[in-house]
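Reviewing the structure listed below.
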Amino acid sequence: MSDHEHSHDHNQSNNNNTGTFISGIIVGAVVTFLFGTKSGQKVRDELLEEISGALEDIGENLEDVKQEAAKKVEKGKQEVEKRVEKVQEAIEQKVENVKEEVGQVISEAPKQVQEQVQQQVAQVQKKGRHFFFRRSRKQQES
């Protein structure tokens, strides 16, 4: 470290010590004034009253904020419950619709099967007649 840097650090250290010393004097004077003199005690009492009042106001404001937050939470909870109910109702309605559609399909299925069976029987009968009449004609021709 050079002499110049050493001197600079020493000056900075002295400035810090001087600042600390002056701060100590000011704090000491304020404390002596507040606790040592009658007018200081009066100022101290007034400060304490103001601080006490400010703390009460803060407490009341905090209580108001707490109550308002509780109201908002309750309102939000009710909104969520309403939405859940609506979704449940919609789901129940969809389930009922599906049940009805399935019921219709099931009730119509036997009719459709019967119609298809009748169509198949008619086709088989038609083919049987063609086969029978062809054979009959071939035997008559022979």
Exercise. If you project the alpha carbons of region 37-100 onto their three principal axes, what span does each projection cover, largest first, in Å?
Worked result: 93, 8, 5
For this session: Find out how many positive minus negative residues lie around Asp64, taking Lys and Arg as positive, Asp and Glu as negative, among other residues whose Cβ is under 14 Å from that of Asp64.
Result: -2
Exercise. So, counting K/R as plus one and D/E as minus one, what does the shell of residues with Cβ under 13 Å around Gln93 add up to?
Worked result: -3
For this session: Give, rounded to the nearest 20 debye, the magnitude of the charge dipole that region 37-141 has about its Cα centre when Lys and Arg contribute +1 at Cβ and Asp and Glu contribute -1 at Cβ.
Result: 2400 debye
Exercise. Near Val43, within a Cβ-to-Cβ distance under 15 Å, what is the net charge of the other residues, with Lys and Arg +1 and Asp and Glu -1?
Worked result: -1
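A short reminder: the numbers here are calculations on the coordinates, not readings from a lab. What you see is a predicted model, and the numbers here were worked out from it, not measured in a lab. Here the Cβ is made from the backbone with ideal geometry for all residues, glycine too, and neighbour counts use every protein chain on show.
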